[in-house]
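What follows is a single structure, written as structure tokens, with notes after it.
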Amino acid sequence: MPLQYKRIMLKLSGEALMGDDAFGINTSVLEFVAAEVKEIVRMGVEPGLVIGAGNIFRGVAGASKGMDRTTADNMGMLATVMNSLAMQDALERMDVITRVMSAIPMQSVCEPYIRRRATRHLEKGRVVIFAAGTGNPYFTTDSAGVLRALEIDADIIIKATKVDGVYDKDPVREPDAIKYDHLTYSEVLGRGLTVMDAAGIALAMDDDKPIMVLNMNVPGNIRKAVCGEMVGTLISSRKSPNIPR
């Protein structure tokens, strides 16, 4: 099947890397994701990755317990570097050339983020993992993923989660939850759907950058998405008549 999207931004939550563990990085999940990324690289896709840090430390959670928000967010950004290095190792053990680029300079472990250099890596067939968020507190890795997607001119943002799309309510707790096949940015914001933080959605809307939300635990889902198959929920500016009301 031909590619629909050549350059993508794959946004992974830190919690997704835990698998069934209570904390940290599950190596089986890491290897599974690496194999999925390797498959799309083989197809000619140029993937950038942004990984959250909820499996190690979440800045908002630290701030909610009295920690200074800037300090907590800085700790969260450093945790994303740990996840990025782990993913780089998993990919390179599968012979996928990978570069980690950090918004916080730390040259001894990864490259500093430079947009033109990142684009060049992608053009050369290397996977680029964007670590440390935007380098600024008060911004989530969702916003960082959208920002980097815009900067590298990705064709689509794929948010890989533990569920198979966007629902009107929590499908885990509410068995009658309705899944959306398509949403507009305005509908996501207006309905308060917790797909991605509002800043990230608004940023994507300004540039009309489509977002696909899918289940990362289903083998082949990412491959299907880059080929244009509907395997989750698509968020874009286009109005769909099939959205449940």
Ranked highest first by the average count of other Cβ atoms within 10 Å around their residues, in what order do 96-103, 66-73, 139-146 fall? 139-146, 96-103, 66-73
So what's Rg/Rh here for segment 95-213, counting alpha carbon atoms and using the Kirkwood radius for Rh? 1.03
What is the antiparallel percent of DSSP beta bridges lying wholly in the chain, to the nearest 5? 15 percent
Could you tell me the calculated FRET efficiency between residue 1 and residue 68, based on Cβ-Cβ distance and R0 = 45 angstrom, to the nearest 0.05? 0.35
Determine the distance separating the Cα centre of segment 125-168 from the Cα centre of segment 1-17; give it in Å without decimals. 9 Å
Calculate, in nm to one decimal, what residue 168 and residue 75 gain on full extension: separation in residues at 0.36 nm each, minus their alpha carbon distance. 30.2 nm
Quick one: which of 215-223, 23-31 comes out on top by average Cβ neighbours within 10 Å, and what's the full order, highest first? 215-223, 23-31
Separation of the residue 123 and residue 177 label points, Cα + 7 Å toward Cβ, nm: 4.2 nm
Distance in nm between pseudo-label sites at residue 197 and residue 93 (7 Å out along the Cβ direction from Cα): 3.2 nm
With unit charges on the beta carbons (Lys and Arg positive, Asp and Glu negative) and the dipole taken about the Cα centre of the chain, which residue among 144, 119, 9 sits farthest to the positive side? 119
Roughly how many debye, to the nearest 20, is the charge dipole of the chain about its Cα centre, given +1 on each Lys and Arg Cβ, -1 on each Asp and Glu Cβ, and no other charges? 460 debye
Sequence neighbours fewer than 8 away in the same chain don't count; with that in mind, list the aspartates and glutamates whose C-alpha is under 19 Å from residue 209. 46, 142, 151, 153, 155, 181, 187, 197, 229
Entry for Cα Rg over 2.2 N^0.38 Å (calculated from the structure that is shown) out of (1) 1.23; (2) 0.95; (3) 1.06: (2)
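Values quoted throughout were computed directly from the atomic coordinates according to the rules given, and no laboratory measurement underlies them. Quick caveat, the model's predicted, so the values are computed rather than measured. No Cβ is skipped: glycine too gets one built from the backbone with ideal geometry, and neighbour counts run over all protein chains shown.
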